1. If you build a Gaussian network model of the chain, linking Cα atoms that sit under 10 Å apart, which residue out of Arg208, Arg98, Arg23 swings the most?
2. Can you compute the modelled spin-label distance between Gln285 and Lys138, with each label point 7 Å from Cα toward Cβ, in nm?
3. Which percent of the accessible area of the chain is formed by carbon and sulfur heavy atoms (probe 1.4 angstrom)?
4. With θ set to phi - 60°, apply the Karplus curve 6.51 cos²θ - 1.76 cosθ + 1.60 along segment 42-59 and write out the HN-Hα couplings as whole Hz, x wherever there is a Gly or Pro.
5. Rounded if a/c is under 1.5, else prolate if a/b beats b/c, else oblate: with a ≥ b ≥ c from the C-alpha gyration tensor eigenvalues square-rooted, which is segment 23-179?
6. So how much slack lies between Thr13 and Arg331, counting 0.36 nm per residue of separation and subtracting their Cα-Cα distance, in nm?
7. Mean-square fluctuation check for the chain, GNM, Cα pairs under 10 Å: which of Ser42, Ser270, Ser130 is largest?
8. Multiply the residue separation of Asp46 and Arg302 by 0.36 nm, subtract the distance between their alpha-carbon atoms, and state the gained length in nm to one decimal.
Amino acid sequence: MFVTPHRRFNPLTGDWILVSPQRTKRPWLGQVEKAPIEHLLSYDPDCYLCPRNERTGGVKNPDYQSTFVFDNDFAALLPDEAPAHVPDHPLFAFVPERGLCRVVCFSPRHDLTLPELDLASIEKVIATWSEQTAGLGKNDFIHYIQVFENKGALMGCSNPHPHSQIWGTESIPNEPAKELERQKIYFAANERTLLSDYLAEEHKRKERILYANDHFTALVPYWAIWPFETMIVAHRPIGHLNELTVAEITGLADVMKQVTTRYDNLFEISFPYSMGFHQAPFDDQPHPEWTLHVHFYPPLLRSANVRKFMVGYEMLAMPQRDITPEFAAERLRSLSAIHYRQRAS
């Protein structure tokens with residue numbers, strides 16, 4: 001169906017992407033990445049995130065047995081009010097930004113990423129994200145909460161101990177702000193949420209669906225930019241992680257394990273990605289237009305050693321991809337739901 005160059009529209013952001021299926025056969029003589037380290041210790045005495053070890057500044061981690069949360073020692077945002085500043089020119093705008101940044105270690109195990117954790121452990125991670133979201137949202141200066149994970153050195157992760165971050169910010173960041181505006185417009189026009197309608201249509205077509213249960217669906221978005229980009233969408237229009245029921249936490253854990261296991265099985269490596277939840281703002285306003293969803297942006301393209309670069313045309317004009325979202329969905333869907341390391345054992 002999609003064999004010639006074409007553009008696709010992203011209704012969540014209002015952006016377009018160029019799809020060039022005919023480029024999949026081009027030869028690759030560019031940069032080849034090193035394969036990630038596959039054999040990590042279950043406990044690393046030199047890791048500043050492992051239990052009982054000392055972090056920078058002399059703070060010692062407790063002997064934690066489950067998830068572990070602490071304020072980021074090198075936070076990008078601070079809760080203190082900054083001095084008022086009046087810009088001296090409209091082209092040189094300056095607005096102080098307050099916030100809180102936290103780190104969530106998934107478990108005491110240095111060697112177990114999300115797909116290798118059992119469901120109960122993933123549920124605990126999601127419950128921790130929910131609890132932290134609720135707690136941070138009570139601060140009157142926090143108006144948005146971004147939960148995200150950078151997995152792998154290829155995505156700039158500075159420590160291999162599996163962990164995520166939570167940044168509570170005073171303002172609504174760029175990407176959620178674009179999604180907020182687009183979802184508001186759609187809801188005002190249709191009295192239904194954009195993602196609920198989109199999900200219903202994807203289930204009719206089925207070609208981009210990866211996995212679904214009673215509460216969440218994982219799919220490759222029609223407008224995906226990254227080669228094996230995926231999105232997880234809630235089945236009901238909830239705005240925040242702390243609104244999840246116990247059953248929905250279990251459902252989300254199931255879908256996240258399914259997606260990340262297939263990622264690892266794709267090239268039989270610990271698959272790198274940036275993952276993040278897009279929640280509604282914490283601005284004391286109702287957000288009936290919002291549907292909680294999760295974005296996965298993985299950089300690998302052809303193998304464990306060849307990545308997708310966002311350069312040239314992508315930086316200066318618009319994002320471009322070679323393999324179609326339909327091909328990526330079929331490839332991921334065909335993979336086993338059993339992690340390759342477990343199959344080998």
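The values are calculated or read from the model by the stated rules, or taken from the named source; none is laboratory data. Computed from a predicted model, the values in this text were never measured in an experiment. Positions of Cβ are backbone-derived with ideal geometry, glycine not excepted, and every protein chain shown enters the neighbour counts. Areas reflect the complete protein model, heavy atoms only, side chains present, ligands, DNA and RNA absent. Shrake-Rupley method; radii C 1.70, N 1.55, O 1.52, S 1.80 Å.
1. Arg23
2. 2.5
3. Working: 9370 of 16760 Å².
Looking at the chain in its full context, I get 56 percent from C and S.
4. 6, 9, 10, x, 9, 8, 7, 9, 6, x, 6, 8, 8, 8, 4, x, x, 6
5. On the way: a/c = 1.89, a/b = 1.25, b/c = 1.50.
Judged from the Cα gyration tensor, segment 23-179 comes out oblate (a/c at least 1.5, b/c at or above a/b).
6. On the way: separation 318, 0.36 × 318 = 114.48 nm, distance 2.62 nm.
Extending this stretch completely gives an extra 111.9 nm.
7. In the Gaussian network model the winner is Ser42.
8. Working: separation 256, 0.36 × 256 = 92.16 nm, distance 3.38 nm.
Stretched out fully, the Asp46 to Arg302 stretch lengthens by 88.8 nm.
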